[in-house]
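Written below as structure tokens is the structure these notes are about.
The values are calculated or read from the model by the stated rules, or taken from the named source; none is laboratory data. None of these values were measured; they are calculated from a predicted model. Glycine also receives a Cβ, built like all others from the backbone with ideal geometry; neighbour counts cover every protein chain displayed. Areas reflect the complete protein model, heavy atoms only, side chains present, ligands, DNA and RNA absent. Shrake-Rupley method; radii C 1.70, N 1.55, O 1.52, S 1.80 Å.
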Amino acid sequence: MTDIKSLAVGGFAGVAVAGITYVDGVESLQLVVCLGLVWAFAGWSLTRNRRLLRDADALPSVLYALLVVGVPFFGVHADLALSGLREPLMFLTMGVAAAGIGLGAEISAPTEQERTTTVATAD
């Protein structure tokens with residue numbers, strides 16, 4: 001079954017990030033399209049698995065925040081000679097991290113068949 005809300009959030013995230021990057025003056029169309037696709041997938045997968053991610057323990061939640069926010073700010077730092085591509089590369093790194101976490105949640109989520117299958121007790 002198609003989750004319209006997840007598709008809408010993913011589509012909005014992809015268009016928003018790609019649009020902001022394009023309006024900001026990035027001339028690389030390939031980078032803008034890649035950013036849009038990565039953020040669209042990240043938005044879709046995170047929204048689709050929001051219940052699974054919300055019920056996670058504290059440690060994975062903290063690691064998620066550090067991975068998505070910490071790595072881009074410290075890895076793509078201001079001292080790198082990137083001539084205006086620092087922000088798009090930070091967005092790309094954040095999007096790939098978020099998409100990877102969403103994909104991991106998608107892989108580990110129970111399928112519809114597993115949710116409906118009941119197991120009889122051995123009484």
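Summed over the stretch 88-123, residues that are more than 20 Å from LEU53 (Cβ to Cβ), surrounded by fewer than 16 Cβ atoms within 10 Å (Cβ to Cβ) and either modelled with pLDDT of 85 or more or among the hydrophobic types (A, V, I, L, M, F, W, C) (or both) total 3. In the condition set (1) touching a helix residue (DSSP H, G or I) at 6+ places or on another chain (Cβ under 7 Å); (2) open to solvent by 40 Å² or more (accessible area, probe 1.4 Å); (3) in a helix (DSSP H, G or I), LEU63 is compliant with all but (1).
Please find, within the stretch 1-32, the residue that is surrounded by the most Cβ atoms within 10 Å (Cβ to Cβ) out of those that are in a helix (DSSP H, G or I) and β-branched (Val, Ile, Thr). Step through it out loud before you land on a result.
Keep residues of the stretch 1-32 that are in a helix (DSSP H, G or I), which gives 4-23, 29-32.
Next, only the ones that are β-branched (Val, Ile, Thr) stay: 4, 9, 15, 17, 20-21, 23, 32.
Details: ILE4: 8, VAL9: 19, VAL15: 14, VAL17: 24, ILE20: 15, THR21: 22, VAL23: 8, VAL32: 19.
That would be VAL17.
Using the structure shown, decide if GLY70 is farther than 23 Å from ALA109 by Cα, in contact with a helix residue (DSSP H, G or I) (Cβ under 9 Å, 6 or more places away or on another chain) and open to solvent by less than 60 Å² (accessible area, probe 1.4 Å). It is false that GLY70 is farther than 23 Å from ALA109 by Cα, in contact with a helix residue (DSSP H, G or I) (Cβ under 9 Å, 6 or more places away or on another chain) and open to solvent by less than 60 Å² (accessible area, probe 1.4 Å).
Residues that are open to solvent by less than 80 Å² (accessible area, probe 1.4 Å), touching a residue at least 24 places away in the same chain (Cβ under 8 Å) and not aliphatic (A, V, I, L, M) were ranked within the stretch 33-60; the one that is farthest from ALA16 (Cα to Cα) is ASN49.
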